[in-house]
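The values are calculated or read from the model by the stated rules, or taken from the named source; none is laboratory data. Just so it is clear, the model here is predicted, and its values are computed rather than measured. Cβ placement follows ideal geometry from the backbone for every residue including glycine, while neighbour counts extend to all protein chains displayed. Please note that ligands, DNA and RNA were not included when accessible areas were found on the heavy atoms of the full protein model with its side chains. Shrake-Rupley method; radii C 1.70, N 1.55, O 1.52, S 1.80 Å.
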Amino acid sequence: MRQRVIAVVGVVALIGLVFSLNFYRLPVVALSPGPMEDVLARLKVEGSRVYDSEGKLYLTSVGIDDNVRFYEALLDMANRDVQLVPRAQLYPEEQDSAEIDRENVALMDRSKETATVVALRQVGYKIEPSGVEVTQVVAGAPADGRLRAGDEIVAADGHPVDGTDEVRKAITGHKPGERVAVRVERGKGEKNVSVEVQEVEDQPRVGILLRDLFPDLPVKVTIETQNNIGGPSAGLMFTLSIIDKLTREDLTGGRRIAGTGEIALDGSVLPVGGVGEKLIAVRRLGVTTFFIPAGNCAGVRGQVPHGLRLVKVSKIDDALRFLRDPKAAATAPGC
């Protein structure tokens, strides 16, 4: 009788363990191929004539499951299209999902603005920044407690500034241990702040991230993406789509082309995450050409689906050359 009771207790405990494992959230995220969208179909332009295109320019995305349970992880490990990575590899431990979502929305909005500026410059508009905003202050850095996210820097070392390059020049003009003086607009007033300069990776730094502010642009561009896509990685495809809409020439030439990459204000195409998952989604849709940032090439070796051509781009001009020049397209470097 006693053995039977022990056996029953053991079975109940095992059932309880199995049941409880289903509620255990693992410190990982699951990455999977996300939805693709034709940006040309999502783009609206006001203030300029627009032109139609025969082809499509797709942004690509990654599906992210930030709530992976024990048994879900077992299924994910059996799925070749899903990658499990430590959550800390993507997100700071102190950030919850809501904060991450808000940050990704902000990054997407900033990506659209940057893409619009780069595209308008490409088609002949002269667009210059009109201000500088602090977007982040690094915890523990000299600027921590002295500058705040949202501060607009109006002067550095007594000189008015209109763009981030001028602020960086003021900071890098100091030796470690010296102080840079900045004047910021905060709320409804202005404040003078002195921040010590430190050496980080052999460069003078104060521990802030900046972004250029722009006046009202001569052309208003709206991009309404779906599927809750966020982050900066669609910047390249946003830029190409805006240029295509604003120029008589059909850049697509009837082709279907996908891509990824963050766009910088100088036209550089920066590497992004989740490219392996994006390649799977692209090939599933039957698209055979994919623009990839040069900085991502090393990370996708051995992961490129058969029949998918990668076109390596370091700047927007590389992608435009491929689209406009058949000879350049034929010899464009891959990964």
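According to the Cα gyration tensor, what semi-axes, each the square root of 5 times an eigenvalue, does the equivalent ellipsoid of region 127-220 have, listed from largest to smallest in whole Å? If you can, show how the numbers build up before the last one.
Numbers: eigenvalues 102, 41, 31 Å².
After scaling each eigenvalue by five and taking roots: 23, 14, 12 Å.
Just the number please: accessible area per residue for region 115-228, 1.4 Å probe, all protein chains included, in Å². It would help to have the intermediate numbers written out before the result.
Values: 6640 Å² over 114 residues.
About 58 Å² of surface per residue is accessible.
Reachable lysines from K278, Cα under 24 Å, same-chain residues fewer than 8 places away excluded?
K56, K112, K312, K315
Looking at region 195-302, which GluC sites (Glu not before Pro) are DSSP coil and have at most 13 other C-beta atoms within 10 Å of their C-beta? Kindly include the intermediate steps, with their values, before the conclusion.
Numbers: sites: E196, E199, E201, E224, E249, E262, E277; in loops: E201, E224, E249.
Of the GluC sites (Glu not before Pro), the ones in loops of region 195-302 whose Cβ has at most 13 other Cβ atoms within 10 Å are E201, E224, E249.
So what's the convex hull volume per residue for the Cα atoms of region 207-335, in Å³? Let's see the in-between values first.
On the way: hull volume 18.4 nm³, N = 129.
Hull volume normalised by residue count: 143 Å³.
Using DSSP to define loop residues, name the trypsin sites (Lys or Arg not before Pro) in region 284-331 whose beta-carbon has at most 11 other beta-carbon atoms within 10 Å. Show your work: numbers first, answer last.
Numbers: sites: R284, R301, R309, K312, K315, R321, R324, K327; in loops: R301.
Those satisfying the criteria are R301.
Going by Cα centres, region 269-301 and region 148-175 are how many Å apart?
36
How would Y58, Y51 rank on accessible area, largest to smallest, probe 1.4 Å?
Y51, Y58
Could you list which residues have their amide H under 5 Å from that of V313, counting only those 5 or more apart in sequence or on another chain, with H placed in the peptide plane?
Those lying under 5 Å, H to H, from V313 are I292, A294.
Taking K44 as the anchor, which aspartates and glutamates have their alpha carbon closer than 17 Å to its alpha carbon, excluding any fewer than eight residues away along the same chain?
D52, E54, D109, E113, D216, E224, D244, D250
Can you list which of the chymotrypsin sites (Phe, Trp or Tyr not before Pro) found in region 237-327 are DSSP loop residues with at most 11 other C-beta atoms within 10 Å?
Working: sites: F238, F290, F291, F322; in loops: none.
Passing sites in region 237-327 do not exist.
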